[in-house]
Amino acid sequence: MARGDLTDEQWVRLEALFPALPVMGRKPRDRRQVFDGIWWRARTGSPWRDVPPRYGPWETLYSVFRRWQNDGTWARVLEKLQVKADAAGHIEWDVSVDSTICRVHQHAAGARKRETTIRAGRVRTVWRPSRPTTRA
């Protein structure tokens, strides 16, 4: 077992949350090894091709990850883990949002369209085209 891989106790808790193994076809690769490989990639943020060979071929890890992502397995596992943690009192659902410090960068306000100028008591809308890059 490598550093960062799941312990036996953690795997026993997590294994029950995944879908049942298929009955037909070839016996799939060890689920714990595949999960540890996916977990290693998620922890490190490295490309799939850089997953160490001890976890199996990166193509297998990627295909299992994508299959579980498309069929909603990851969402169901997360939901079940949250329910268990909430029942045990490990999660606090209090959220505090303070918007007084949220500022938008000046360039994030949108594209310049028209400018309103106030001169001598009159409001005038001015269209300012961008400057040409070459002289005519």
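The values are calculated or read from the model by the stated rules, or taken from the named source; none is laboratory data. Keep in mind that what you see is a predicted model, and the values were worked out from it rather than measured. Every residue, glycine as well, gets a Cβ built from its backbone with ideal geometry; the counts of neighbours run over all protein chains shown. Just so you know, the surface numbers come from the protein's heavy atoms only, side chains and all, with ligands and any DNA or RNA stripped out. Shrake-Rupley method; radii C 1.70, N 1.55, O 1.52, S 1.80 Å.
Restricting attention to segment 18-72, which residues are free of Cβ contacts under 8 Å to residues at least 12 places away in the same chain, within 18 Å of Gly4 (Cα to Cα) and small (Gly, Ala, Ser)? Once the filter is applied, which keeps residues that are free of Cβ contacts under 8 Å to residues at least 12 places away in the same chain, within 18 Å of Gly4 (Cα to Cα) and small (Gly, Ala, Ser), segment 18-72 yields Ala42, Gly45, Ser46. The lone criterion from (1) open to solvent by less than 50 Å² (accessible area, probe 1.4 Å); (2) at pLDDT 90 or above left unmet by Ala2 is number (2). Reported count of residues in segment 5-33, each being of a type in the set (Val, Ile, Thr) and either surrounded by 14 or more Cβ atoms within 10 Å (Cβ to Cβ) or outside any helix (DSSP H, G or I) (or both), is 2. Looking only at segment 41-71, residues that are part of a helix (DSSP H, G or I) and more than 15 Å from the chain's Cα centre (by Cα) come to 14 in all. Going by the structure shown, is Arg66 open to solvent by 70 Å² or more (accessible area, probe 1.4 Å), out of contact with any helix residue (DSSP H, G or I) (no Cβ under 9 Å at 6 or more places or on another chain), under 24 Å from Ala85 (Cα atoms) and modelled with pLDDT of 90 or more? No: the conditions fail for Arg66. Of Asp36, Asp71, all but one fail to be open to solvent by 60 Å² or more (accessible area, probe 1.4 Å), closer than 30 Å to Ile91 by Cβ and of a type in the set (Asp, Glu); the exception is Asp71.
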